[in-house]
Structure formats: C-alpha cells, structure tokens
1. For region 246-272, which residues satisfy the criterion of being surrounded by 13 or more Cβ atoms within 10 Å (Cβ to Cβ) and among the small types (Gly, Ala, Ser)?
2. Does region 40-50 hold any residues that are in contact with a helix residue (DSSP H, G or I) (Cβ under 7 Å, 6 or more places away or on another chain) and either assigned to a helix (DSSP H, G or I) or at pLDDT below 85 (or both), and which are they?
3. Could you grab me the full set of residues in region 73-96 that are of a type in the set (S, T, N, Q) and either surrounded by 14 or more Cβ atoms within 10 Å (Cβ to Cβ) or at pLDDT 80 or above (or both)?
4. When only residues in region 16-35 that are in contact (Cβ under 8 Å) with a residue 24 or more places away in the chain and in a helix (DSSP H, G or I) count, which is surrounded by the fewest Cβ atoms within 10 Å (Cβ to Cβ)?
5. For region 206-221, give me the residue count where each residue is free of Cβ contacts under 8 Å to residues at least 60 places away in the same chain and out of contact with any Phe, Trp or Tyr (no Cβ under 9 Å at 6 or more places or on another chain).
6. Are there any pairs, at least 6 apart or on different chains, whose C-beta atoms fall under 6 Å, with the first in region 155-169 and closer than 17 Å to residue 230 by Cβ and the second among the small types (Gly, Ala, Ser) and surrounded by fewer than 20 Cβ atoms within 10 Å (Cβ to Cβ), and if so, which?
7. So which residues in region 56-72 are surrounded by fewer than 18 Cβ atoms within 10 Å (Cβ to Cβ) and at pLDDT 80 or above?
8. Could you name every one of the strands (runs of 3 or more DSSP E) located completely within region 137-186 that has at least 2 residues being within 30 Å of residue 72 (Cβ to Cβ)?
Amino acid sequence: MKDFLSLRLYSRVARLGSISAAARDCGLSQSQASRIVADLEASLGARLLSRTTRAVVPTEAGNEFLIRVEAILDAVEDAQQSVREGSELHGTLRISMPSTIGYREIIPRLPAFTVLHPALRMQVLLEDQRQNLVRDAVDIAIRIGKLDDAGATAQLLASFPRAILAARSYVDRAGAPASPKDLANHRIIGGPSGSIGWTFERAGQAVTMDLQPYMTINDNEGAVTAAIAGLGICSTPMCSRRKELDDGSLVELLTEWQRPSVDVHAYFPLGRGTRLAARSLATFLKAELVRPLPLSG
C-alpha cells in the first residue's frame, strides 16, 4: 500500500504540476509528499520531475513512467470496483472528444450519467486535433468520422446525417447553390481536417466536389459560428444544428442531395485493458444518442 500511495501521489503531482496541490489531493502534508516523491526517484535511480519556481513538470523519463503508472492505478481501481457491492463506479474517468459534439451532444447528457455514478470523477479534454491518447492517459475518446486505425478497439455509438448550411444573410448576398457543382463559386468554410472533399448522392448519382476553402478554422464549432456570421458555407452533422435551423440562424442548402452519414465511435486506447468506467460510459451514450436533446432557449 505504501508503494501504491507513492505511485498515486506521483501521478497527481505530474498531472497537477504542483506537489502541494497533489499533497492536498492525497491527504498529505507538503513535506510528506516531497519526501515520498524523493524516495520514489531515489529507488528508481532516475529524476522523474523537473522543479522550477513556477511548476513541477515530468522529465522525459517521468512522462514514460507516468503512462505506465496510470495504467497500473486504473487496473487497481477496476479490481477494487469488481469486488465492491453494487454498481457504483469510482476513480477518475478521462474523456477526449471534439469540441462540437462535446458542447452539443455529449456534455449535456453527462448529468444523467453522473446520477448513476456519483462517486466517479471526470476529466474532459475538448480537442479537434488528434492527440496521443495513451500519453494523455485517456480512457475513452469520442471520434467522428472514419477511424484512422482500422484495427482500433472501438464501438459504434451513432450515425448522423450531414448537411450543407449557411446563414440567410450569406444566401441573400451570394445566392443558393442549385447543384453541388455550384459550390465551386461559393465561399467554403473548412474545419480542422483541412482538406475539403464533399460527396453528394441523388437518384443513384454520386458527385464529389474537391473545394478550396475560403476560410479554415481548427475548431468545428468555430467553423459553424463563421457560417452563422455569414462568412460562407459549411458542412456539419445535422444532429447538432437543430437549434440554429429552428431559429433561422442557418438554412439548409442542397436539400435534394444526400450526404454520407457521419459515424460516431467510442475509441478505447488501452484495448482489452479498457476500464469498466469507460465501457459503462460508451454503453450509456449508445443508448442516449438515439434520442435528440430537447431544444433550449
């Protein structure tokens, strides 16, 4: 248990960037925490932390150690969970997701999940750019579109249709495209993926438009905000845009053409070692995402 405490303390120091904050989190005094970390480094024969006047950050060796330590801590937490009475989850669940689906679909549904598991803490990382999920100790990542790793351990949560949207002010100024080919003459807003190849289908006919964006934004929510401001046309999953369509902030274009649906997956970086809390969240979201959220405001 002493070794377990030292590993847990090191994890908290590395994540919080502060020995004093980690000490409070673990119910220790700062002097006790400092001594435990120093003893851990001495036993390993390696410097795990770089201490400055402003923060405490892991060294390169410390980062590698942190990845392995947190996997051990999570495994112990799951082992303890398996023998506890009842189904209540404990510990901290680290979740990564793109900003738009996080703001619009996932975070608004989390209160119901927290009611089921009030002792479970959550850390949410909103990030539209791909990241090193193992390095960042992510338990479950919500991913939109095609998975980069075809062999990844993943679970399909939902499929949402895509739509082409623009503000009424833009349509009044530039006109509405009558066909996908007309998009070449419009201002296109691109999201984080950078490349823009939009495919449309109608009556068995498929058309793919490779478009040059007028503006790119490294955040999907920002791209939609730009469209609402009248800066151009964007493509986005319909599930998250009902409010803007309802209040007239956006209008749907090319409605006679269909766009391929967007798959939403739960991706588990640790594969078979995925924690029970992560799989429980995926099961919860799979059941919830089939039901649209009520419109608010």
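1. Those that are surrounded by 13 or more Cβ atoms within 10 Å (Cβ to Cβ) and among the small types (Gly, Ala, Ser): 249, 261, 266.
2. If we filter region 40-50 for residues that are in contact with a helix residue (DSSP H, G or I) (Cβ under 7 Å, 6 or more places away or on another chain), which is where we start, we get 40, 46-49.
Within region 40-50, 40 is the sole residue that qualifies.
3. Within region 73-96, the first condition is being of a type in the set (S, T, N, Q), and the residues that meet it are 80-82, 87, 92, 96.
If the condition is that a residue be of a type in the set (S, T, N, Q) and either surrounded by 14 or more Cβ atoms within 10 Å (Cβ to Cβ) or at pLDDT 80 or above (or both), then 81, 92, 96 are the ones that fit.
4. Kept after step one, since they are in contact (Cβ under 8 Å) with a residue 24 or more places away in the chain, are these residues of region 16-35: 17-19, 33.
Then keep just the ones that are in a helix (DSSP H, G or I); that gives 19, 33.
Numbers: 19: 21, 33: 25.
The qualifying residue surrounded by the fewest Cβ atoms within 10 Å (Cβ to Cβ) is 19.
5. 6
6. Hits for this filter: 167/230; 169/230.
7. The first filter runs over region 56-72 and keeps only residues surrounded by fewer than 18 Cβ atoms within 10 Å (Cβ to Cβ), leaving 57, 59-61, 63-64, 67-68, 71-72.
Hits for region 56-72 are 57, 59, 60, 61, 63, 64, 67, 68, 72.
8. On the way: elements: 140-144, 154-160, 162-166.
The strands (runs of 3 or more DSSP E) meeting that bar are 140-144, 154-160.
The values are calculated or read from the model by the stated rules, or taken from the named source; none is laboratory data. As the structure is a computational prediction, the values presented were derived from the model and not from experiment. Positions of Cβ are generated from backbone atoms using ideal geometry, with glycine treated the same way; all protein chains shown enter the neighbour counts. In case anyone asks, the SASA skips ligands and DNA or RNA and just uses the protein heavy atoms, side chains included. Shrake-Rupley method; radii C 1.70, N 1.55, O 1.52, S 1.80 Å.
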